[in-house]
Amino acid sequence: MFEFAVIVAIITGLVQVVKQTEVVPNKAMPIVSIVLGMAAGYFFIEGAVDERIFIGIAMGLAASGLFDVAKLPKRK
(Lines give C-alpha, C1' and ligand atoms only; values in the text may rest on other atoms or scores of the structure.)
Protein backbone atom coordinates (compact mmCIF):
# COMPACT_ATOMS: atom_id res chain seq x y z
CA MET A 1 0.00 0.00 0.00
CA PHE A 2 1.28 3.42 -0.94
CA GLU A 3 1.46 6.24 1.58
CA PHE A 4 -1.29 8.81 1.14
CA ALA A 5 1.17 11.71 1.11
CA VAL A 6 3.12 10.17 -1.76
CA ILE A 7 -0.07 9.69 -3.78
CA VAL A 8 -1.15 13.28 -3.10
CA ALA A 9 2.26 14.52 -4.27
CA ILE A 10 2.01 12.45 -7.45
CA ILE A 11 -1.51 13.75 -8.13
CA THR A 12 -0.27 17.31 -7.64
CA GLY A 13 2.52 16.69 -10.13
CA LEU A 14 0.18 15.14 -12.68
CA VAL A 15 -2.21 18.08 -12.38
CA GLN A 16 0.71 20.44 -13.03
CA VAL A 17 1.58 18.45 -16.17
CA VAL A 18 -2.02 18.70 -17.37
CA LYS A 19 -1.98 22.42 -16.59
CA GLN A 20 1.14 22.89 -18.75
CA THR A 21 -0.50 21.22 -21.75
CA GLU A 22 -3.33 23.80 -21.67
CA VAL A 23 -5.80 21.13 -22.83
CA VAL A 24 -8.03 21.66 -19.81
CA PRO A 25 -8.95 25.15 -18.55
CA ASN A 26 -7.48 26.18 -15.19
CA LYS A 27 -10.94 26.35 -13.62
CA ALA A 28 -11.32 22.61 -14.20
CA MET A 29 -8.08 21.62 -12.48
CA PRO A 30 -9.79 20.72 -9.17
CA ILE A 31 -12.02 18.32 -11.10
CA VAL A 32 -8.98 16.80 -12.80
CA SER A 33 -7.38 16.44 -9.39
CA ILE A 34 -10.45 14.70 -7.94
CA VAL A 35 -10.70 12.33 -10.92
CA LEU A 36 -7.00 11.44 -10.61
CA GLY A 37 -7.50 10.95 -6.87
CA MET A 38 -10.45 8.63 -7.45
CA ALA A 39 -8.39 6.58 -9.91
CA ALA A 40 -5.45 6.44 -7.50
CA GLY A 41 -7.73 5.44 -4.66
CA TYR A 42 -9.30 2.69 -6.72
CA PHE A 43 -5.99 1.20 -7.87
CA PHE A 44 -3.59 1.84 -4.99
CA ILE A 45 -5.65 1.76 -1.77
CA GLU A 46 -6.80 -1.45 -0.11
CA GLY A 47 -10.34 -1.96 1.13
CA ALA A 48 -13.88 -1.90 -0.18
CA VAL A 49 -14.51 -0.06 -3.44
CA ASP A 50 -16.57 2.71 -1.84
CA GLU A 51 -13.86 3.32 0.75
CA ARG A 52 -11.16 3.42 -1.91
CA ILE A 53 -13.13 5.94 -3.99
CA PHE A 54 -13.86 8.10 -0.93
CA ILE A 55 -10.20 8.12 0.11
CA GLY A 56 -9.29 8.91 -3.50
CA ILE A 57 -11.63 11.90 -3.51
CA ALA A 58 -10.03 13.11 -0.27
CA MET A 59 -6.57 12.72 -1.80
CA GLY A 60 -7.66 14.63 -4.90
CA LEU A 61 -9.06 17.43 -2.76
CA ALA A 62 -5.86 17.54 -0.75
CA ALA A 63 -3.82 17.69 -3.94
CA SER A 64 -5.89 20.55 -5.33
CA GLY A 65 -5.44 22.53 -2.15
CA LEU A 66 -9.07 22.65 -1.14
CA PHE A 67 -8.10 21.67 2.40
CA ASP A 68 -5.76 24.65 2.66
CA VAL A 69 -7.47 26.94 5.16
CA ALA A 70 -5.08 29.79 4.45
CA LYS A 71 -6.63 30.35 1.01
CA LEU A 72 -10.15 30.82 2.33
CA PRO A 73 -11.44 34.38 2.22
CA LYS A 74 -11.12 36.17 5.53
CA ARG A 75 -13.62 38.58 6.98
CA LYS A 76 -12.38 42.06 7.69
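A few points about this structure:
- Apolar share of the accessible surface for region 1-68: 70 percent from carbon plus sulfur atoms, 1.4 Å probe.
- Spin-label pair Gln16/Ala39, simplified geometry with 7 Å Cα→Cβ offset, distance in nm: 1.9 nm
- Sequence ranges 18-27, 42-51, 4-13, ranked by mean other-Cβ count within 10 angstrom, highest first: 4-13, 42-51, 18-27
- Heavy-atom SASA rank of Met59, Met38 (probe 1.4 Å, accessible area, largest first): Met38, Met59
The values are calculated or read from the model by the stated rules, or taken from the named source; none is laboratory data. All of these numbers come straight from a predicted model, not from anything done at the bench. Ideal geometry is used to build each Cβ from the backbone, glycine not excepted, and the neighbour counts take in all protein chains shown. Just the protein is used for accessible areas: all its heavy atoms, side chains included, with ligands, DNA and RNA removed. Shrake-Rupley method; radii C 1.70, N 1.55, O 1.52, S 1.80 Å.
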